[in-house]
1. Just the Cα atoms of segment 31-90: what Rg and Dmax do they give in Å?
2. Find the percent of Cα-Cα distances in segment 171-278 that exceed 25 Å, and round it to a whole number.
3. Rounded to whole Å and sorted largest first, list the principal axis extents of the Cα atoms in segment 196-252.
4. Across all directions of projection, what mean area in square nanometres is found for the Cα convex hull of segment 159-211?
5. Percent relative contact order of segment 68-224, based on C-alpha pairs within less than 8 angstrom and at least six residues apart?
6. I need the Kirkwood Rh of segment 112-250: take the reciprocal of the average 1/r across all distinct C-alpha pairs and report it in angstrom.
7. Given R₀ = 41 Å, FRET efficiency for F48-V168 by Cβ-Cβ distance, to 0.05?
8. Which value does Rg/Rh take for segment 271-323 over its C-alpha atoms, Rh per Kirkwood?
Amino acid sequence: MIKKSKKIIATGLLSTLTAAYLFGGFAEAKSTTTQSTAKEKLEAYIKFTQILNVIEKEYVDETNTTELINKALKGLMTNLDSHSNFMDTKEYKDLTVQTKGEFGGLGISVGMKDGALTVIAPLEGTPAKKAGIKAGDIILKINNKATIGMSIDESVKLMRGKPGTDIVLTVVRKKAPKPLTIKITRAIIKIQSVYAKNLATDKNLLYLHVTSFDQKVVESMKKAIADHNDTKGIILDLRNNPGGLLDQAVGLVNMFVKKGVIVSQKGRSKLENVEYKATPENTDTKTPMVVLVNGGSASASEIVSGALQDFNRSVIVGEKTFGKGSVQVVLPIGDKEALKLTVARYYLPSGRTIQAKGVTPDILVHYGEIPKKQDPLFLKEADLKQHLEEELQKIDSNATTKSIRVDTNATDSNLTLSADQNKSSIITEDQLYKDAQLKIGVDILKALIITHKGKQ
């Protein structure tokens, strides 16, 4: 029995030492003081294999070394950070299918915050958004499965599925008296990443809403700005933007900053130390800007808002962002398994990190409405027409207002048709007052235009 145990220990030790050798090249320590000595490593490996042997021999349910090692690796990776993960054969195969094939989803971006599976943001026009999922919701259950102790990859896998199938999320929402049960139907997610709008009250201000950073964001942004060449100020809305492609985030900042390091990533390996610098070509450093952010702004959107803030190129308005600023890579282990490992963190131009800290806005504004008071002595044209018609009916019960209504409706009909055609490109005054962050952002932008602030 003792000989058998020693053999198992030796085999396990050899495998562990081999793995340590293979992966040793992935990281270069900045300081050797924190590294284990050869003796400490050997003692740790022996302890690990001894515990495996005890579990395999004494645990109530029959198990084997491979299964135990896989579970140990999953626990190890999860305890490093919420984004690192060990993928066994099935999970690695699923990842390959997901990155190459088409699947149904909810249109929801999630992350770990204080150990809880938290909604970063639902994307515009997706099933999650339509069903009422909100940024900051904590997902307590996916169907009937509790998310406590569940990794991000596991949760995403459960939420994905065949288009047209239903899923039920149980969420905890701030200020809600009890958990909410929300049914969502999966669909193929197709997202328009950039929306360009004008304000009905200030037609020279351009509102640009970037919902996520896909491969066409910079191209779409440039087109939108070119189409509105009389723009005097820009509102860049990154609220509920969960991130996306780094090169698009860098490219967007580069549109407004002509020099300096936009963002850098730093890790233990020199290969992960990269700087992304601005270039002066076709750069707009003069048009005043305001950027809107909230708790649903993460990753790439935090890089954009944080960089523009550090360069003093824009005023940031809204709420503190999510705080996702780490870099993950997939490292295959053989042909069938892999590690998804955090290898670096992003750093803004000032040297600060956004990981777990986020971007704090220059002007803190919580979401809500701004009460709009009408001047009692002032009647708009539309209100005046309706008022006069009502008064006419009061004094002449036999009078008909048909002819008047025909003329009025003909004009209003044309206006309504025009409004419908421009529904996606015009922000009305009422909509502006229902969004306090946007309204205050617009007011700040007007002040920047007046004072000629906002130049690099």
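The values are calculated or read from the model by the stated rules, or taken from the named source; none is laboratory data. Because the structure is predicted, anything quoted here is derived from the model rather than measured. Positions of Cβ are generated from backbone atoms using ideal geometry, with glycine treated the same way; all protein chains shown enter the neighbour counts. For the accessible areas, the whole protein counts, side chains as well, though only heavy atoms, and no ligand, DNA or RNA atoms are used. Shrake-Rupley method; radii C 1.70, N 1.55, O 1.52, S 1.80 Å.
1. In order Rg, Dmax, the Cα atoms of segment 31-90 give 14.2, 43 Å.
2. Numbers: 2455 of 5778 pairs.
So the pairs more than 25 Å apart make up 42 percent of the total in segment 171-278.
3. 33, 22, 13
4. 6.4 nm²
5. Working: 250 pairs, mean separation 29.1, N = 157.
Result for segment 68-224 is 19 percent.
6. Hydrodynamic radius (Kirkwood, Cα pairs) of segment 112-250 is 17.0 Å.
7. Plugging the Cβ-Cβ distance into 1/(1 + (r/R0)^6) gives 0.55.
8. Value, to two decimals: 1.02.
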